[in-house]
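To start, the structure under review is shown below, and the notes come after it.
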Amino acid sequence: MQQTNSQNDTQSKVQNVVIVGGGTAGWMTASLLAKTLGKTLNITLVESDKIGIVGVGEATIPPIVNFNRAIGIDEKSFVKATMGTIKLGIEFNNWQQDGDSYMHAFGNIGKKFPFCDFHHFWLKDQQNKNSDSTINVSSFWDFSLNYQAAKQHKFAPINNIPNTNLPGIAHAYHFDAGLYAKFLGKHAINMGVKRIEGTITKVNQHTDSGFIDSVLLENGTCIAGDLFIDCSGLAALLIEKTLSTGYEDYSHWLPCDRAVAVPCEKVAPIEPYTRSTAHKVGWQWRIPLQHRTGNGLVYSSKHMSDEEAQELLLNNLDGKPLAEPRIIPFKTGRRRKQWHKNVIAIGLSSGFFEPLESTNIHLIQTAAIRLMKFFPHNGIKQAEVDEFNAQSKVELEGIRDFIILHYKLNNRGDSEFWRACQRMDIPESLFNKIELFKKTGKVFCQPDDLFTEIAWQQVMIGQGNISEDHHPLVDTLSDEQLSDLMANLKTLINRTVEKLPSHDEFLQSL
């Protein structure tokens, strides 16, 4: 007999949405809901002035450009208000071994071909040029417009390489996360979101269903709602402390469990890319803003003490520190259900990835968009909750694999930390991707995957997983045709970059 109605389904209309927590997660979610469904919902955001935000997520990836546009934010106003800068990619230093460097550059590399990717042509061309079969890995980025612009500190928003149909520059941002939250807060309030300041002291649940009925504030105010969005950060006040949803721990694959963060004085010129530098244990981020540089060291407490981590970070700053170093403990992983009963966790309450590929702000964005797609206006249906959670799981596991890839392919021998990463068993999904690329040069992604084939290629090639074979389509070109193709692409990119203004000039023009 077919089941017609899950016991967890509710039939009441969802009109009152309560967002618990501000910060980037709370205000991004509030802004999207207000922009799209604001006329049909009462949206209340509760945040406490006493509780600070983690605020280290200062680097983003290109989809945020469209998100900001969708919620009605002007780019110039946003960059000015958040002390923002442009980000064209992430440079990885010392990840294979000391002295090595490559970039996960945004945007396209080379030229798109039907049936096979550009790097197959690059690989054949390299083999033609090097009779001893050595591959000049760094030359792969000769064909990346983003990389060449980044390393020459240049930027302008161009959709295409002039007089061609080749894609232009893809960009994201670095910004001050605290200023972004304030900027979004004003934006959301202007669109009708109601902000209530206060600290939650009690969460009231329905006796039978366990659904959240209301939250009680320190001053006695009771805020009722139909749907609650948990943006309470690592505290996970509703999704875990109240509903005990459970957590899937990824730390056996991603061993870092702490970060120490400190801002320092800015250094000119302002680089339009993030830097990630591997150390003896863990890695250091460097994020250039208009008014300062954000820095942090991600490390494993089993292999390094907090004092050692602080000393290592402070000894590797570009400028004078502007504050005391701050320790941030974390556990990499994901909430077993991002949506449970009438609570949806967005942001750090739903899980955490170290900021190696700048994914945490992006995951806020995708969760908010998924909430819009699945919004339960006529009551919560368990089938919808299950599909929401299934999609979240697939997304997070794809990102998990991409981050593990960096650790697994390291070739450092200077500490047990890195040697253990080389030896570790990895998810089968990742093992298969690495093997397929090694043997055939092919990598395949699902349409909704965050990281595209080009992203995987850059990390694989950058960290020494060079393909043993190339696609047969490449052999339809003569060696001379192939050489001409590569030379022409390189010339096009170099000429385009030459004409771009500097990144500093672009920022001043705003």
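Key figures for this structure:
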quantity	calculated
Asp142 being at pLDDT 95 or above and assigned to a helix (DSSP H, G or I)	yes
Some residue of segment 285-292 being touching a strand residue (DSSP E or B) at 6+ places or on another chain (Cβ under 8 Å), within 30 Å of Arg423 (Cα to Cα) and not aliphatic (A, V, I, L, M)	yes
Candidates Leu485, Leu489 - the one that is touching a Gly at 6+ places or on another chain (Cβ under 7 Å) and either surrounded by fewer than 13 Cβ atoms within 10 Å (Cβ to Cβ) or part of a helix (DSSP H, G or I) (or both)	Leu489
Tally of residues being part of a strand (DSSP E or B) and not small (Gly, Ala, Ser) across segment 314-337	7
Count - residues of segment 92-136 that are under 15 Å from Ile454 (Cα atoms) and either in a loop (DSSP other than H, G, I, E, B) or not assigned by TED's automatic domain parsing to the domain that holds Thr491 (or both)	12
Residue match in segment 345-354 (condition: of a type outside the set (Val, Ile, Thr), at pLDDT 95 or above, closer than 27 Å to Asp98 by Cβ and in contact with a Cys (Cβ under 9 Å, 6 or more places away or on another chain))	no
The lone exception for Ile369 - which of (1) farther than 24 Å from Asp226 by Cβ; (2) modelled with pLDDT of 95 or more it fails	(1)
Looking only at segment 233-265, and only at residues there that are in contact (Cβ under 8 Å) with a residue 12 or more places away in the chain, hydroxyl-bearing (Ser, Thr, Tyr) and more than 30 Å from Leu314 (Cα to Cα), the one that is surrounded by the fewest Cβ atoms within 10 Å (Cβ to Cβ)	Tyr247
Residue check, Phe228 assigned to a helix (DSSP H, G or I), over 30 Å from Gly282 (Cα atoms) and touching a residue at least 12 places away in the same chain (Cβ under 8 Å)	no
Scope segment 177-213; condition under 17 Å from Thr44 (Cα atoms) and assigned to a loop (DSSP other than H, G, I, E, B); matching residues	Met191, Gly192, Val193, Gly198, Thr199
Residue list for segment 498-510, restricted to those being buried (at least 18 other Cβ atoms within 10 Å of the Cβ) and either in a helix (DSSP H, G or I) or among the β-branched types (Val, Ile, Thr) (or both)	His503, Phe506, Leu507
The listed residue being under 23 Å from the mean Cα position of the chain (by Cα), at negative phi and surrounded by fewer than 19 Cβ atoms within 10 Å (Cβ to Cβ), out of Ile344, Ile327	Ile327
Criterion violated by Ile287 - all others in (1) modelled with pLDDT under 95; (2) closer than 25 Å to Phe78 by Cβ; (3) in a strand (DSSP E or B) satisfied	(1)
Residue count, segment 374-393 (criterion: within 25 Å of the chain's Cα centre (by Cα) and farther than 12 Å from Lys337 by Cα)	2
Hey, Gln148 buried (at least 17 other Cβ atoms within 10 Å of the Cβ), free of Cβ contacts under 8 Å to residues at least 24 places away in the same chain and under 22 Å from Ala487 (Cα atoms) or not	no
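Conditions tested, residue by residue: (1) assigned to a helix (DSSP H, G or I); (2) in contact with a Lys or Arg (Cβ under 6 Å, 6 or more places away or on another chain); (3) surrounded by fewer than 18 Cβ atoms within 10 Å (Cβ to Cβ); (4) acidic (Asp, Glu).
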residue: Ala390; (1), (2), (3), (4): yes, no, yes, no
residue: Asp401; (1), (2), (3), (4): yes, no, no, yes
residue: Phe417; (1), (2), (3), (4): yes, no, no, no
residue: Phe431; (1), (2), (3), (4): yes, no, yes, no
residue: Glu435; (1), (2), (3), (4): yes, no, yes, yes
residue: Ile454; (1), (2), (3), (4): yes, no, no, no
residue: Gln458; (1), (2), (3), (4): yes, no, no, no
residue: Ser467; (1), (2), (3), (4): no, no, no, no
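The values are calculated or read from the model by the stated rules, or taken from the named source; none is laboratory data. Just so it is clear, the model here is predicted, and its values are computed rather than measured. Every residue, glycine as well, gets a Cβ built from its backbone with ideal geometry; the counts of neighbours run over all protein chains shown.
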